[in-house]
1. Among B:T70, B:T33, which is the only one that is at pLDDT 70 or above, of a type in the set (S, T, N, Q) and under 28 Å from the mean Cα position of the chain (by Cα)?
2. Considering only the range B:154-186, state which residues are in a loop (DSSP other than H, G, I, E, B) and β-branched (V, I, T).
3. For the range B:433-458, how many residues meet the condition of being open to solvent by less than 50 Å² (accessible area, probe 1.4 Å) and closer than 30 Å to B:G373 by Cβ?
4. For the subset of the range B:296-319 comprising residues that are modelled with pLDDT of 85 or more and in a loop (DSSP other than H, G, I, E, B), which member is surrounded by the fewest Cβ atoms within 10 Å (Cβ to Cβ)?
5. Restricting the first residue to the range B:190-215 and requiring it to be at pLDDT 90 or above, which pairs with a second residue that is part of a loop (DSSP other than H, G, I, E, B) meet a Cβ separation below 6 Å and a spacing of at least six or different chains?
6. Does A:L27 fit the bill of being among the hydrophobic types (A, V, I, L, M, F, W, C), under 26 Å from B:F328 (Cβ atoms) and over 11 Å from the mean Cα position of the chain (by Cα)?
7. Quickly run through the range B:417-450 and pick out the residues that are within 14 Å of another protein chain (Cβ to nearest Cβ), in a strand (DSSP E or B) and not β-branched (V, I, T).
8. List the pairs whose first member sits in the range B:356-367 and is without any contact (Cβ under 8 Å) to a residue 40 or more places away in the chain, whose second member is polar (S, T, N, Q), and whose Cβ atoms are under 8 Å apart, counting only residues at least 6 apart or on separate chains?
Amino acid sequence: MTSNISAGVVSDFISEVKNQCSSSNSLLVKKAMLELLGGDNSCEGTFSKKVLSKCNEINCEQLNEILTTIKSKYDGSVIGR
Amino acid sequence: MKAMNLLVLVFTLFSINLVSAETSLNSLDERLTDLELKSITDRIKTDMELSSFYGNIQEKNSTVKDGEATHKITKNTFKIGFSGEVNKEVKLYSSFAVNHLGNDDFQTNKTPSFERTEGESGSRVLLRSAYFDYRPNRGPVILTMGRLPTTNGPPEHMRSSRSRQGTYPVTNYSLPLDGAALTVDWHNMLKTNFSLITRTVYTVGSGNYDADPNEGTRIDPKRPTEVTDSSVGFSQMLEIENRFSKGQRLLFIAQYSHYDFSAFRSAVTQGGILESAAQSNSTLAALMAANGGEDFNTYRLLADNKDMVKVRIATLYSEFQNMFGTRFDSYLSYTRSVTDPRANIKARVLASNNTNATLQALYPVGTEINLGGFLRSERAEGNRYLLGARYKFKKLDVGLEYVTSTGYAIQTDLYSDDFLHFGSYPGDIYHGYANYHLGKNFTLRAGHFSVEHYAVTRSVTTSDYFGRVHASYLGFNVSL
């Protein structure tokens, strides 16, 4: 199942995106996260576009995957995470 | 005078800017305070998921219906989960599921059989998980207790294009288990640049109904005070996860599980007993054919020892996403199981419902049929290999899986959301699937299974039996 968002998800998402693209701006990544969570998983939003334009390491599907995987860490599907 | 006017103008503009900045700051502060209050008052988080399958299963050389059978299947599952932070060190999780399986033979189980798998074949709400995680001082050790999330594990999420749904790989074990676990996160202690987790899980439970523990037939009528022990299990997991450049992600799990299952005092099952016996008895097979190929009797299963079976299961599982920066994912699993039966199991006829008069005369109410040991009469060993790959287009994931077995591997995916449970069939299984993402958390699914098996499991025993199964399905999954 999906999970609601906690502070850990936000910080992990920023950390993971920065891990892939060190030049990413934290506020931009947060805004992109808001767009993805709001339903725009095709990265057509202003901030998702900006994050991806400055990061050739990942594409839109991978950005969504990172968010999905991190969210699942906090949804209680796995013991002790 | 001009200079004075200019000074007044500058001062006025400056004052307006100050007022404007203060208003903006107040507005920002108010919004932040609202957000903080909201995050504190939203103590319980809720999530939901609805999934459905529609399809049919064709059996060639089936054990029922004169060797060939087609079943139309619908399967609807609804799950709801709640979670929340009790404090900075304790988190509480729970999830419930209701699952309705229907086909052209039945709509739902009239008589419950095994409580813990009932969620897969009935309409009742089942508690999938209810547990807490306690992480003292936000350190590396996490204590978990309650009904643990030990169902729907990897690679079920790969073939359904979701995030990971459970702790144990379904190729190792999948049932809702009550118990305690100790997880150690070694990442910070060893300063590794990848996630390294070990997990020790102790589980306890029994196959009896919680609602009527006093009922049923005791194992040994000569010792009526003796009751069945609880089934006990230990599982040790090692989990490594790493992310590389270009979105690459590698997950590796090694798990060894050791279960001592106690015997059921009584378990009621519908049919399946004479079908198994007919596979090695041509006279009975002819009588079964005259009975429409199915066994309509109701049986009570009895065991002559408190310990029913000892099971050891070892699994190596890995998944590699976005391999080498491509859109390919792969997942592999190897499982070896050893099953040591400790009890002889009998089926007693509770209700004689077969239409054939000779069958009725041969198996009247009270007749006991010897089934031998759990799974097989002797120690059973088996291996199961799974190889899966998928390619992700922009909105479409297309995958292929191959499963093959040797020997008599125990069925591990007892609790699974799959249309067909892989572990039910010793033999070769091919599964092709496509998942189309209509939008965020809304996926359409389609797939086809092709199975060639050399044995079948009916009730609690596995018999040698060659057959083919083809299954196709359409479905959807929507979650919030």
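The values are calculated or read from the model by the stated rules, or taken from the named source; none is laboratory data. What you are looking at is a predicted structure, and each value in this text was computed from that prediction instead of being measured. Positions of Cβ are generated from backbone atoms using ideal geometry, with glycine treated the same way; all protein chains shown enter the neighbour counts. Note: areas computed on protein heavy atoms with side chains; ligands, DNA, RNA excluded. Shrake-Rupley method; radii C 1.70, N 1.55, O 1.52, S 1.80 Å.
1. After applying the criteria, what remains is B:T70.
2. Scanning the range B:154-186 gives B:T167, B:V170, B:T171.
3. Going through the range B:433-458 one residue at a time, the tally reaches 5.
4. B:F296
5. Between residues of the range B:190-215 that are at pLDDT 90 or above and residues that are part of a loop (DSSP other than H, G, I, E, B), the close pairs are B:S195/B:H187; B:L196/B:W186; B:L196/B:H187.
6. So A:L27 does not fit the description; no.
7. B:N435, B:Y436, B:H437, B:L438, B:G439, B:F442
8. What qualifies is B:Q360/B:S352; B:Q360/B:N354; B:P364/B:S352; B:V365/B:S352.
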